[in-house]
1. When the range 182-196 is examined, which residues are found to be touching a helix residue (DSSP H, G or I) at 6+ places or on another chain (Cβ under 7 Å) and either surrounded by 24 or more Cβ atoms within 10 Å (Cβ to Cβ) or among the hydrophobic types (A, V, I, L, M, F, W, C) (or both)?
2. Identify the single condition in (1) closer than 26 Å to Glu65 by Cα; (2) open to solvent by 60 Å² or more (accessible area, probe 1.4 Å) that Glu318 does not satisfy, given that it satisfies every other one.
3. Of the residues in the range 225-249, how many are among the basic types (Lys, Arg), within 16 Å of the ligand (Cβ to nearest atom) and under 15 Å from Thr264 (Cβ atoms)?
4. Enumerate the strands (runs of 3 or more DSSP E) found wholly within the range 20-120, keeping only those where 1 or more residues are closer than 16 Å to Ile310 by Cα and in contact (Cβ under 8 Å) with a residue 12 or more places away in the chain.
5. Just for the range 160-181: of the residues that are outside any helix (DSSP H, G or I), open to solvent by 10 Å² or more (accessible area, probe 1.4 Å) and in contact with a Pro (Cβ under 9 Å, 6 or more places away or on another chain), which one is farthest from Ala240 (Cα to Cα)?
6. Taking only the range 260-289 into account, find how many residues are open to solvent by less than 60 Å² (accessible area, probe 1.4 Å), within 16 Å of the ligand (Cβ to nearest atom) and farther than 22 Å from Ala164 by Cβ.
7. Out of the range 288-328, which residues are more than 20 Å from Ala253 (Cβ to Cβ), assigned to a loop (DSSP other than H, G, I, E, B) and modelled with pLDDT of 95 or more?
8. Inspect all residues belonging to the range 148-158 and state whether any of them is of a type outside the set (Phe, Trp, Tyr), more than 10 Å from the ligand (Cβ to nearest atom), farther than 25 Å from Leu36 by Cβ and open to solvent by 20 Å² or more (accessible area, probe 1.4 Å).
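The values are calculated or read from the model by the stated rules, or taken from the named source; none is laboratory data. What you are looking at is a predicted structure, and each value in this text was computed from that prediction instead of being measured. With ideal geometry, Cβ positions are generated from the backbone for all residues, glycine too; neighbour counts draw on all protein chains shown. Heavy atoms of the whole protein, side chains included, go into the accessibility calculation; ligands, DNA and RNA do not. Shrake-Rupley method; radii C 1.70, N 1.55, O 1.52, S 1.80 Å.
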Amino acid sequence: MASFPELRLRRLRRTERLRALVRESRVDVGDLVYPLFVVEGEGIKQEIVSMPGILRLSPDQLPPEIEEIAGLKIPAVLLFGIPEHKDETGSSAYDREGVVQQATRAIKKLAPQLLVITDVCLCEYTSHGHCGIVVGDQIDNDQTLPLLAKIALSHAEAGADIVAPSDMMDGRVKAIRESLDKNGFQYIPILSYAAKYASAFYGPFREAAQSAPQFGDRLSYQMDYHNLREALREIEQDIAEGADIIMVKPALAYLDVIRQARNTFGCPLAAYNVSGEYAMVKAAARQDWLEERKAVLEILTAIKRAGADIIITYHAKEVASWLKSGDA
Ligand code: PBG
């Protein structure tokens, strides 16, 4: 083995052409998924204070946004719904005329090529803000499963290309797969939020989606962030139940989990660069405490380098436009 002075690792760093030639990972626009918050009603277009640049839109306000996303060649959006009406069982989540169902139909009409992924969960639709049915002070796993299956089916019926359960109930991938298959949607893939940690980095999202739990926390269903082996068991279980794509969430503080999942499993792997990760960069950049474009590209490249194939990120539009103009 060569060593210094024959070996000089700096040789391949001398010019940008050389560096680009030996580059090991790159972020591509084709990797990106852009989350969209759709709110029931008309004429609504509100910026989310803790997430500068991210809007809550009613379905009638979608056309210019969808045109921009499709024009930037971002392959997919991930839809979150904010309903007018919340109740104990989150019934507006599986309403045919629910906000996600309406938005899905609208988007598939506006841009048939754009993949619509729908978040399947109850927390935005329940009065208590939990991701499952509440019995006493507990979140009941098994009573929640049929509801999740109903939500996923209603999304598929509206035209969703992929359904993405984010609730963290045990057995939900199986319940959703069975219900899709029974109803003729055997070709609709499931992207499961397989290793979803209970995280402080969801704070801005809960403002955006008005989905903060009204009592307690999510620690009895989302994962404990001290654990890595448990994430592999969660992922293994979801694959066994029929997940087509698995997700690790959040991304930035969980790059080890992404790497381990990539080394262990063959299926496509998504990472969710969550709201709090976005908010931190935006807040620092606003004060000129870091260079936003460089910081964003470094973060997203690190998520790719760790092993993610797909990155769900609120930065998708800006990154796509930098890549398009050769600024990345
Ligand atoms: C709903 C859900 C959450 C996120 C995605 N789906 C919030 C939560 O679990 O409280 C977080 C996304 C983000 O922070 O960007 N279960």
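1. Once the filter is applied, which keeps residues that are touching a helix residue (DSSP H, G or I) at 6+ places or on another chain (Cβ under 7 Å) and either surrounded by 24 or more Cβ atoms within 10 Å (Cβ to Cβ) or among the hydrophobic types (A, V, I, L, M, F, W, C) (or both), the range 182-196 yields Phe185, Ile188, Ile190, Ser192, Ala194, Ala195.
2. Every listed condition holds for Glu318 apart from (2).
3. So the answer is 0.
4. Counting at least 1 such residues, we get 32-39, 76-82, 115-120.
5. Asp161
6. Qualifying residue count, the range 260-289: 3.
7. Scanning the range 288-328 gives Asp288, Glu291.
8. No: the range 148-158 contains no residue that is of a type outside the set (Phe, Trp, Tyr), more than 10 Å from the ligand (Cβ to nearest atom), farther than 25 Å from Leu36 by Cβ and open to solvent by 20 Å² or more (accessible area, probe 1.4 Å).
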